[in-house]
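Trainee: Structure incoming, see below.
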Amino acid sequence: MNYPTELKYSKTHEWLTMDGDVAVIGISDFAQDALGDVVFINLPEVGDDVFAGEPFGDVESVKAVSDLVSPVTGTVCAINEVLLDAPEALNEDCYEAWIIKVEGVTQTEDLLDATEYEEFCATEE
Amino acid sequence: MKLIFEKSVAGRHCDVLGKCDVDYAPLPEEFCRESKPLLPEMSEVDVSRHYTELNHRVHGVNCGFYPLGSCTMKYNPRVDEDIAGLKGFAGIHPLAPADTVKGCREVIDTAGKYLCEISGMDAMTFQPAAGAHGEFTGVLLIKQYHDKRGDTARTKIIVPDSAHGTNPATAAMCGYKVVNIPSAPNGCVDLDALRAVLGPDTAGLMLTNPNTVGIFDENILEITRLVHEAGGLCYYDGANLNAIMGVVRPGDMGFDCIHMNLHKTFATPHGGGGPGAGAVGCKAFLKEFLPASALMDGAKDRIQIRSFAGNFLVLVRALTYITTLGKEGIPEASQNAVLNANYLMRQIEGTFDLAYDRICMHEFVLDVASYKKETGLSALDVAKSLIDYGMHPPTMYFPLIVHEALMLEPTETETKETLDWTADVFRAVYERGKVDPEYIHGSPHCAQIKRPDEVMASRNPVVRWTPQE
């Protein structure tokens with residue numbers, strides 16, 4: 001498993017990085033591996049509000065449908081439209097395949113760094 | 001194997017019907033289609049062979065072991081089918097004059113009485129056509145109850161994270177917000193998590209007991225008490241009733257309404273695409289909210305969720321099943337289902353991990369996670385390999401709280417020999433995977449269809465044949 005040290009992670013297996021004032025959100029290597037082959041993704045629209053700890057979309061794999069949980073409160077300013085047609089990008093490179101970008105961030109969940117997250121994943125297995 | 005359309009030869013047909021010897025009476029043109037329907041043109045014997053060939057390629061409970069968990073794919077006694085086929089049942093019409101179908105009315109009333117006795121409820125409807133439809137009806141009872149009292153603040157339905165996916169879907173369909181609560185480490189309801197979400201906005205709780213990991217929730221009385229104390233109602237998902245029928249009653253556990261899958265538990269073949277019946281029972285105080293047929297019962301002020309009395313012949317099978325097993329046989333069936341599951345669980349023990357190492361009810365869950373770490377083989381690989389032994393794979397990747405889950409429900413009718421053989425098969429797959437994971441990863445090797453491309457099938461499903469230009 002690969003957990004880049006420059007990212008922060010949530011216990012629901014999303015990663016987050018700040019690009020200036022904009023939060024970039026995706027799912028972790030652990031998440032994509034646990035999901036298996038991703039076949040569909042449902043995303044919010046630009047302009048939608050997201051809330052820390054609340055679902056903002058979902059991913060469907062051949063195994064199950066899982067919520068995508070936002071680590072921040074704010075407004076969606078971009079979605080990765082490539083994923084709508086090619087959700088397999090999440091399996092191929094989950095750190096390149098960001099899912100949404102959020103601006104106007106007012107609240108952020110307590111997040112883990114790469115080492116803490118790796119330890120957390122070990123207990124999840 | 002070719003599709004029936006690919007076997008079609010233009011102009012070929014069956015000469016069963018003679019030439020029409022009366023004048024053709026055409027429909028008005030606006031009701032007629034512009035082109036002929038695309039139907040295969042074949043001889044009768046080739047049609048017969050086509051379907052027989054299809055029949056040889058499927059696996060059903062009459063072909064071999066079929067241990068799907070959480071679904072009760074059990075063997076249904078033939079006598080139930082015989083009775084449902086009697087002309088007086090199979091040939092009736094819902095609008096037949098009441099005095100010509102008194103026997104059928106008696107079937108409905110008697111089956112209702114017996115199912116109330118088994119579930120601990122006071123009233124029953126047979127309108128819902130299947131399980132999810134029954135859930136929808138049950139939660140509508142809860143909604144009507146709160147609405148009638150003017151209690152509009154109750155907007156949330158609580159569902160544990162181990163629930164069948166239909167539970168949150170039902171709550172959402174009824175206009176409720178779904179509140180998911182995590183399970184305790186033993187797979188049961190976490191009482192603290194439940195207490196934390198209960199409040200004046202709680203409309204109700206949806207629960208399966210035994211739950212989806214096959215464990216009877218020992219706190220059930222406390223759970224229903226807490227929900228009632230908060231002003232909510234308790235809905236029982238009858239998916240796992242096969243474990244407890246005649247032994248303990250949902251009504252006595254504190255539930256207010258329930259659906260039962262007559263097509264799982266009470267002798268209608270399940271999984272064949274229907275018809276089913278999701279009988280819904282309730283306590284007396286909810287009776288006024290049960291659906292009824294406007295045409296048949298003259299009930300214009302009640303909700304109606306399906307035409308007439310529902311799928312009546314499923315009811316005939318259920319009543320036959322209950323009366324042939326009787327007051328002793330019904331609990332014995334459940335006890336054997338539980339005994340078989342526990343026996344099989346202990347025979348398989350020592351190979352794949354048990355997700356919950358404790359006495360189970362009618363089903364149990366294996367956790368392939370540590371095996372996957374060791375061999376790279378997933379629950380999917382193990383399931384595919386079982387096909388090579390002539391066994392239907394168990395449920396995979398459910399419940400979601402066990403990540404590499406295989407869930408087995410042997411049911412009451414399997415013999416010790418079958419269960420021993422099953423344990424041997426699991427052991428054989430387990431051992432082979434340790435020394436030759438590539439072989440298991442490539443399975444099934446002997447089946448008609450190898451590994452379908454599930455990703456392609458999900459993204460680009462081809463569900464309709466179209467002729468090539």
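The values are calculated or read from the model by the stated rules, or taken from the named source; none is laboratory data. Owing to the predicted nature of the structure, the values given are computational and were not obtained by experimental measurement. Neighbour counts run over all protein chains shown; Cβ positions are idealised from the backbone, glycine included.
Trainee: In the stretch A:27-65, which residues are of a type in the set (Gly, Ala, Ser), surrounded by fewer than 18 Cβ atoms within 10 Å (Cβ to Cβ) and within 14 Å of chain B (Cβ to nearest Cβ)?
Mentor: Hits for the stretch A:27-65 are A:36, A:53, A:64.
Trainee: How do the helices (runs of 4 or more DSSP H) wholly within the stretch A:18-125 filter down when requiring 3 or more residues that are of a type in the set (Lys, Arg): which remain? Give the steps one after another, and end with the answer.
Mentor: Working: elements: A:29-35, A:82-85, A:89-92, A:114-124.
Answer list for the stretch A:18-125: none.
Trainee: Quick check on my filter: what residues within the stretch A:1-23 are buried (at least 18 other Cβ atoms within 10 Å of the Cβ), within 19 Å of residue A:51 (Cα to Cα) and of a type outside the set (S, T, N, Q)? Talk me through it step by step, then tell me what you get.
Mentor: First pass over the stretch A:1-23, keeping only residues buried (at least 18 other Cβ atoms within 10 Å of the Cβ): A:3, A:7-10, A:13-16, A:23.
Subsequent filtering for residues that are within 19 Å of residue A:51 (Cα to Cα) retains A:8-10, A:13-16, A:23.
Answer for the stretch A:1-23, where residues must be buried (at least 18 other Cβ atoms within 10 Å of the Cβ), within 19 Å of residue A:51 (Cα to Cα) and of a type outside the set (S, T, N, Q): A:8, A:9, A:13, A:14, A:15, A:16, A:23.
Trainee: If you don't mind, another one. All but one of (1) in the same structural domain as residue B:93 (by TED's automatic domain parsing); (2) modelled with pLDDT under 95; (3) more than 23 Å from the chain's Cα centre (by Cα); (4) buried (at least 17 other Cβ atoms within 10 Å of the Cβ) hold for residue B:283, so report the exception by its number.
Mentor: Of everything listed in (1) in the same structural domain as residue B:93 (by TED's automatic domain parsing); (2) modelled with pLDDT under 95; (3) more than 23 Å from the chain's Cα centre (by Cα); (4) buried (at least 17 other Cβ atoms within 10 Å of the Cβ), residue B:283 misses just condition (2).
Trainee: Mind checking which residues of the stretch B:383-392 are within 14 Å of chain A (Cβ to nearest Cβ) and without any contact (Cβ under 8 Å) to a residue 60 or more places away in the chain?
Mentor: In the first step, residues of the stretch B:383-392 are kept if they are within 14 Å of chain A (Cβ to nearest Cβ); the result is B:383-384.
Within the stretch B:383-392, B:383 is the sole residue that qualifies.
Trainee: Among the helices (runs of 4 or more DSSP H) confined wholly to the stretch B:360-469, which include 1 or more residues that are at pLDDT 95 or above and on the phi < 0 side of the Ramachandran plot?
Mentor: Working: elements: B:369-375, B:379-387, B:416-435, B:437-441, B:454-459.
Result: B:369-375, B:379-387, B:416-435, B:437-441.
Trainee: Which of the following residues is among the hydroxyl-bearing types (Ser, Thr, Tyr) and touching a helix residue (DSSP H, G or I) at 6+ places or on another chain (Cβ under 7 Å): B:35, B:70? Reasoning before the result, please.
Mentor: On the way: B:35 fails: touching a helix residue (DSSP H, G or I) at 6+ places or on another chain (Cβ under 7 Å).
One residue alone meets the criteria, B:70.
Trainee: Still on this structure, please answer the following. Taking the condition surrounded by 22 or more Cβ atoms within 10 Å (Cβ to Cβ), more than 12 Å from chain A (Cβ to nearest Cβ) and in contact (Cβ under 8 Å) with a residue 24 or more places away in the chain, does residue B:398 pass?
Mentor: On the way: surrounded by 22 or more Cβ atoms within 10 Å (Cβ to Cβ): yes; more than 12 Å from chain A (Cβ to nearest Cβ): no; in contact (Cβ under 8 Å) with a residue 24 or more places away in the chain: yes.
The answer is no for residue B:398.
Trainee: All but one of (1) surrounded by fewer than 24 Cβ atoms within 10 Å (Cβ to Cβ); (2) outside any loop (DSSP other than H, G, I, E, B); (3) in contact with a helix residue (DSSP H, G or I) (Cβ under 8 Å, 6 or more places away or on another chain) hold for residue B:319; which doesn't?
Mentor: The failed condition is (1).
Trainee: Residue under question is residue B:445, and the condition is that it be farther than 27 Å from residue B:213 by Cβ, away from chain A (no Cβ under 12 Å) and in contact (Cβ under 8 Å) with a residue 12 or more places away in the chain; does it hold? Give the steps one after another, and end with the answer.
Mentor: Working: farther than 27 Å from residue B:213 by Cβ: yes; away from chain A (no Cβ under 12 Å): yes; in contact (Cβ under 8 Å) with a residue 12 or more places away in the chain: yes.
Answer is yes for this residue.
Trainee: Moving on to the next point. Filter the stretch B:362-380 for residues that are among the polar types (S, T, N, Q), within 14 Å of chain A (Cβ to nearest Cβ) and in contact with a helix residue (DSSP H, G or I) (Cβ under 7 Å, 6 or more places away or on another chain) and give the result.
Mentor: Listed by number, the list holds a single entry, B:378.
Trainee: Which of the residues belonging to the stretch B:333-377 are in contact (Cβ under 8 Å) with a residue 60 or more places away in the chain and of a type in the set (D, E, K, R)?
Mentor: Across the stretch B:333-377, the qualifying residues are B:358, B:363, B:374.
Trainee: Then there is this: Quick one: which residue in B:7, B:2, B:74 is without any contact (Cβ under 8 Å) to a residue 24 or more places away in the chain and among the basic types (Lys, Arg)? Talk me through it step by step, then tell me what you get.
Mentor: Numbers: B:7 fails: without any contact (Cβ under 8 Å) to a residue 24 or more places away in the chain; B:74 fails: without any contact (Cβ under 8 Å) to a residue 24 or more places away in the chain.
Of the residues listed, the single one that is without any contact (Cβ under 8 Å) to a residue 24 or more places away in the chain and among the basic types (Lys, Arg) is B:2.
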